[in-house]
Amino acid sequence: MVTVCGIEQGSRAERAGVRAGDVLLAINQNGIDDVLDYRFYLAERTVTLSLLRDGAPLEITVKKGVYDDIGLVFETPLMDKKQCCANRCIFCFIDQLPKGLRPSLYFKDDDARLSFLHGNYVTLTNLRDKDIDRIIKMHISPVNVSVHTTNPELRCEMMQNKRAGKVLDYLGRLAEAGIRLCGQIVLCRGINDGKELERSLEDLMTLYPAMSSVSVVPAGLTRYREGLFPLTPFTREECREIIATVNAFGDRAELQHGSRIFCCADELYLKAELPLPDEAYYGDYEQIENGVGMLRSLMAEFGDELDFLGDLLPEGTALSRRVSIATGRAAAPTLRALAGALTRRVPGLSVTVYEIENRFFGKEITVAGLLTGKDMAEQLADKHLGDELLIPASTLRAEGDLFLCGMTPRQLSDSLGVTVTPVPSDGAALLRAMLGSKCE
């Protein structure tokens with residue numbers, strides 16, 4: 001049962017007489033505990049809500065479109081508390097955060113509902129048979145799974161959870177039920193790489209077509225690892241070996257199934273000093289949120305927008321603009337290439353890309369999304385930034401108001417004496433931001 005906190009004005013629920021404070025027990029006699037129950041059982045043309053009002057039972061019937069909402073508001077989006085992670089993974093990034101950050105950053109979620117709703121990855125260790133039964137009954141798909149290894153004993157060691165190996169059996173159950181799975185392998189040097197990686201890829205290939213994609217990414221290592229499991233970064237040659245292994249399995253999968261399935265994160269290619277694969281390698285970019293194909297997608301979107309430059313910037317438009325871009329070490333070469341392609345086409349436009357070293361987390365962290373305002377402020381203080389400084393929107397929390405270090409974009413702007421503009425990870429948006437108001 002869940003308490004209704006509010007009713008949307010003019011909604012079907014309001015017209016039917018549901019009130020804030022009512023307790024929702026069931027929909028069409030099906031018990032409601034969280035958002036998955038609510039959404040699943042609400043998908044009918046006629047729904048009868050079993051409620052408690054001031055302790056007395058009440059039923060209200062609402063007629064609607066099958067997939068229409070009825071306007072009930074609950075305390076949290078999940079209608080329940082987030083499920084906390086029960087693991088102590090040897091590579092956990094949250095364990096490597098410094099003290100003093102905002103409290104929400106230290107919460108470790110491992111919630112299958114967030115996998116379905118927001119694409120989060122889950123380890124399955126806090127699920128039980130009844131949870132798997134519900135996923136299958138409701139056909140919740142896809143389920144994004146942090147696999148890491150298919151060796152049960154090794155998985156228990158890596159996650160420091162005695163259930164970590166046993167729950168691997170859930171993958172087979174979900175696959176047999178037709179639930180689409182997306183896998184993730186976070187590689188730790190000398191732990192789940194080499195022969196263990198080959199074993200995992202071999203095992204996961206047997207789950208096709210349910211296992212539709214698997215990303216292989218290196219563990220992120222910050223400078224705050226004192227007292228944690230000793231992990232070291234992969235060398236250039238080791239990254240090349242990993243890429244060769246993953247691509248060999250990907251080639252096999254493509255030959256046998258018509259789908260590559262296995263892909264490496266951009267970070268591995270950059271560390272290996274190898275060129276990124278072409279667009280076909282990434283398929284539908286299923287794993288882009290894991291950093292797989294992010295740079296290639298950015299390049300393709302930027303190139304497409306560049307083809308429409310004449311529409312954005314009418315012929316004869318005078319442009320005198322100097323803009324700067326702050327980014328991490330990983331993306332800097334790509335952004336310089338894109339900036340060069342645009343400035344060659346637009347006389348009067350100057351774009352300077354500044355590579356920001358991640359001093360806050362450590363030099364091994366090279367992705368733009370983990371840069372802080374503090375590092376940008378310190379490293380750009382003596383630079384000529386021009387008319388505007390573009391920063392990755394991913395460096396800010398969802399509300400767009402805070403960097404990880406607690407600084408605000410306004411504070412960064414005041415510190416540097418320049419307009420600071422967050423730009424989403426989209427090639428077209430990046431090109432337009434470089435051009436500024438002239439293309440609006």
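Here are a few things to note about the model shown:
- Filter result for E286 (within 28 Å of L197 (Cβ to Cβ), surrounded by 20 or more Cβ atoms within 10 Å (Cβ to Cβ) and touching a Pro at 6+ places or on another chain (Cβ under 7 Å)): no
- The lone exception for V73 - which of (1) within 28 Å of the chain's Cα centre (by Cα); (2) modelled with pLDDT of 90 or more; (3) surrounded by 15 or more Cβ atoms within 10 Å (Cβ to Cβ) it fails: (3)
- Count of region 270-289 residues, restricted to those that are part of a helix (DSSP H, G or I), more than 23 Å from E202 (Cβ to Cβ) and either in contact with a helix residue (DSSP H, G or I) (Cβ under 7 Å, 6 or more places away or on another chain) or among the charged types (D, E, K, R) (or both), is 4.
The rows are residues; the columns are (1) crowded, with 16+ Cβ neighbours inside 10 Å; (2) touching a strand residue (DSSP E or B) at 6+ places or on another chain (Cβ under 9 Å).
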{"position": "S213", "(1), (2)": "yes, yes"}
{"position": "V216", "(1), (2)": "yes, yes"}
{"position": "R223", "(1), (2)": "no, no"}
{"position": "G227", "(1), (2)": "no, no"}
{"position": "P230", "(1), (2)": "no, no"}
{"position": "E238", "(1), (2)": "yes, no"}
{"position": "I242", "(1), (2)": "yes, yes"}
{"position": "A253", "(1), (2)": "yes, yes"}
{"position": "Q256", "(1), (2)": "no, no"}
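- Test for D203: is it surrounded by 14 or more Cβ atoms within 10 Å (Cβ to Cβ), acidic (D, E) and more than 23 Å from P233 (Cβ to Cβ): yes
The rows are residues; the columns are (1) closer than 25 Å to I365 by Cα; (2) open to solvent by less than 20 Å² (accessible area, probe 1.4 Å).
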residue: E301; (1), (2): no, no
residue: F308; (1), (2): no, no
residue: I325; (1), (2): yes, yes
residue: R329; (1), (2): yes, no
residue: L335; (1), (2): yes, yes
residue: T343; (1), (2): no, no
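- Selection status of T245, in a loop (DSSP other than H, G, I, E, B) and touching a residue at least 12 places away in the same chain (Cβ under 8 Å): no
- Subset of region 27-48 [in contact with a helix residue (DSSP H, G or I) (Cβ under 8 Å, 6 or more places away or on another chain), of a type in the set (A, V, I, L, M, F, W, C) and either open to solvent by 10 Å² or more (accessible area, probe 1.4 Å) or not in a loop (DSSP other than H, G, I, E, B) (or both)]: I27, V35, L36, F40, V47
- When each of F308, F302 is tested for being of a type in the set (F, W, Y) and touching a residue at least 24 places away in the same chain (Cβ under 8 Å), the lone residue that passes is F302.
The values are calculated or read from the model by the stated rules, or taken from the named source; none is laboratory data. The structure displayed is predicted, hence computed values, not measured ones. Please note: Cβ atoms are built from the backbone with ideal geometry, for glycine as well, and neighbour counts cover all protein chains shown. Ligands, DNA and RNA are stripped out before the accessible areas are found, and what is left, the full protein with its side chains, is counted by its heavy atoms. Shrake-Rupley method; radii C 1.70, N 1.55, O 1.52, S 1.80 Å.
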